[in-house]
Amino acid sequence: MKLHSALMAATALVGASAVSAAELEVTHWWTSGGEAAAVAEFANAFNATEHTWVDGAIAGGGGTARGAIVSRIIGGDPMHATQLNHGRQAEELIEAGLMLDLSDIAEEGGWRDIVNPVGLLDSCTVDGKIYCVPVNIHSWQWIWLSHKAFADAGVDVPANWDEFVAAAPALEAAGKVPLAVGQQSWQSSGAFGVLNVAIGGVDLWTKINVEKDAEAAAGPEMAKVFEAVGNARKFSQGTNVGDWNLATAMVINGEAGGQIMGDWAQGEFAVAEQVAGEDYSCLPGLGVNEIISTGGDAFYFPKQDDPAIEAAQKELAKLLISPEVQVGFNLKKGSLPVRGDIDLSAANDCMKKGLEILASGNILPDGNQVLSSDTTSQIEDVMVEFWNDLSVTPAQAQASYAAIIADAD
């Protein structure tokens with residue numbers, strides 16, 4: 001009887017272990033070289049548990065992927081975990097009761113004490129409940145500069161936006177594209193946002209994006225920003241690529257002088273084995289306003305009617321914010337960690353600049369944290385037309401933009 005009982009107990013234990021192991025389909029839009037290296041850190045860590053990461057990469061960037069992700073969840077075919085930007089992108093899904101509440105593990109793990117800035121966790125919170133785990137801080141507020149391109153043009157690497165503008169004719173004379181901007185709408189919209197902060201200043205950006213001040217959006221200070229964007233778009237006319245990482249490759253190869261792009265570009269420089277400060281330079285705030293925005297990525301977990309799957313989802317969520325995984329992922333991604341208590345002594349010069357700015361508190365929220373997805377999409381439509389159609393004047397683009405802000409929620 002004792003032997004029989006022992007065998008029964010062992011069989012039950014094996015059965016429980018088999019049931020507890022789960023395969024989780026994880027959707028994301030990280031498909032470039034640097035992004036793939038970074039997401040592999042997540043996948044490898046999860047695969048080291050009893051569970052399996054089933055990769056659901058969606059090509060085409062966030063704009064394409066978000067539509068597909070939301071359609072699947074609403075259509076009743078949800079993945080088990082999905083990347084979105086922390087902010088307002090999942091608002092309607094949460095309100096519809098389709099996303100898993102992570103409040104219990106967030107409280108257990110003390111997320112409110114370790115996430116820095118804590119506003120990232122607030123962006124995951126709806127009606128007091130936490131629905132996502134932030135995994136990084138990505139700031140748009142950078143320009144990346146090719147040392148080779150400026151050397152070929154016979155001019156110094158600029159230290160700020162004004163010097164970049166002054167060097168543009170020499171770059172063009174040397175057969176370089178001064179400013180690489182791909183054809184995806186979010187790229188031109190993002191560059192516009194960076195110029196908005198650098199030229200217009202933080203107070204103006206806050207009035208428009210946070211307070212939804214349409215009068216400020218239509219005012220003379222914003223007109224200066226649109227004039228600057230009007231000049232910048234002329235510098236990008238020879239880009240002729242679509243994806244952002246192909247525009248980054250132009251900077252890496254010395255075909256373009258610079259690129260206004262978020263710090264995820266660092267992953268591409270790392271894969272190309274280029275060294276910050278030697279092969280390329282980075283200017284936070286375009287060298288005008290040294291500031292970073294606290295955008296970035298988070299993982300949400302669509303509800304499943306399976307307790308074992310839900311348990312695995314929560315295990316993945318805890319893993320994504322663990323110290324070791326945060327270090328490995330963010331060093332590959334070029335982003336800053338969401339934890340304020342980990343060692344990043346291995347960071348490169350550009351990443352260290354970002355960490356210093358973060359520590360100084362010179363930060364502002366990302367557009368995704370303060371604007372709805374609908375408003376963001378409308379702004380992207382205006383900016384991609386303005387950027388690619390030189391017949392659209394800065395005044396016309398500003399009028400369209402101010403009308404969007406007037407109706408923004």
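A few comments on the model shown:
- Residue match in the stretch 42-56 (condition: within 17 Å of the chain's Cα centre (by Cα), buried (at least 22 other Cβ atoms within 10 Å of the Cβ), assigned to a helix (DSSP H, G or I) and modelled with pLDDT of 95 or more): yes
- V384 falls short of the stated requirement of being part of a loop (DSSP other than H, G, I, E, B), open to solvent by less than 50 Å² (accessible area, probe 1.4 Å) and assigned by TED's automatic domain parsing to the domain that holds A276.
- Any hit, the stretch 387-398, residues being of a type in the set (S, T, Y) and part of a helix (DSSP H, G or I): no
- Scanning the stretch 234-250 for residues that are assigned to a loop (DSSP other than H, G, I, E, B), among the small types (G, A, S) and within 23 Å of A65 (Cβ to Cβ) yields a count of 1.
- Check on G242, open to solvent by less than 10 Å² (accessible area, probe 1.4 Å) and either farther than 21 Å from N330 by Cα or in the same structural domain as A403 (by TED's automatic domain parsing) (or both): no
- Residue check for A59: within 30 Å of A270 (Cβ to Cβ) and open to solvent by less than 50 Å² (accessible area, probe 1.4 Å): no
- Any hit, the stretch 70-87, residues being in a loop (DSSP other than H, G, I, E, B), surrounded by 13 or more Cβ atoms within 10 Å (Cβ to Cβ) and in contact with a Lys or Arg (Cβ under 8 Å, 6 or more places away or on another chain): yes
- Among the candidates L355, L371, L336, L319, the residue that is within 23 Å of the chain's Cα centre (by Cα) and at pLDDT 95 or above is uniquely L319.
- Condition met for A38 (small (G, A, S), open to solvent by less than 60 Å² (accessible area, probe 1.4 Å) and either outside the structural domain of E268 (by TED's automatic domain parsing) or not in a strand (DSSP E or B) (or both)): yes
- The listed residue being small (G, A, S), touching a helix residue (DSSP H, G or I) at 6+ places or on another chain (Cβ under 9 Å) and within 30 Å of S391 (Cα to Cα), out of S236, S322, S281, S293: S236
- Within the stretch 345-379, considering residues that are in contact with a strand residue (DSSP E or B) (Cβ under 8 Å, 6 or more places away or on another chain) and not in a helix (DSSP H, G or I), the one surrounded by the most Cβ atoms within 10 Å (Cβ to Cβ): D366
- Matching option when the condition is on the phi > 0 side of the Ramachandran plot and not β-branched (V, I, T), among G367, G354, G361: G361
- Restricting the search to helices (runs of 4 or more DSSP H) fully inside the stretch 105-156 and requiring at least 2 residues that are closer than 28 Å to E310 by Cα gives 111-114, 119-122.
The values are calculated or read from the model by the stated rules, or taken from the named source; none is laboratory data. Just so it is clear, the model here is predicted, and its values are computed rather than measured. Cβ sites come from the backbone with ideal geometry, for glycine too, and all protein chains shown count toward neighbours. Just the protein is used for accessible areas: all its heavy atoms, side chains included, with ligands, DNA and RNA removed. Shrake-Rupley method; radii C 1.70, N 1.55, O 1.52, S 1.80 Å.
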